[in-house]
């Protein structure tokens, strides 16, 4: 009959959870090879909000035109997306 370890024994032999990961890749590699259930005692609850209302639509834009708009947005200190949305809103109003 195979030797069966209880949960307490298994926890004693698990690799310690790193305090910090050096990169997303390092974290992904760790969790690809470890079971998060083994580290449940080290985890804490967090609250987060997700905005599911926001939608992104794909619109093809000429590359040169996009770069010009991107440059103007940069000069104005806003994102390209914000500037395009403002311009479209002005145009349709």
Going by alpha carbons, how many degrees (0 to 90, nearest 10) lie between the helix axis of 63-76 and the longest principal axis of the chain? 90
For the chain, modelled as a Gaussian network with Cα springs under 10 Å, which listed residue fluctuates most, 38, 75, 51? 75
When the Debye formula is applied to the Cα atoms of region 49-93, each taken as the same point scatterer, what base-10 log of I(q)/I(0) results at q = 0.13, 0.25, 0.33 Å⁻¹? -0.36, -1.01, -1.16
Give the order of 65, 83, 17 when sorted by the count of other beta carbons within 10 angstrom, beginning with the fewest. 65, 17, 83
Shape verdict for the chain, please, from the Cα gyration tensor: rounded (a/c under 1.5), prolate (a/b greater than b/c) or oblate. prolate
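Read-outs throughout are calculated quantities, based only on the coordinates presented, and are distinct from any laboratory measurement. In this text the structure is predicted, and so the values were computed from the model without any measurement. Here Cβ is always computed from backbone atoms with ideal geometry, including for glycine, and neighbour counts include all displayed protein chains.
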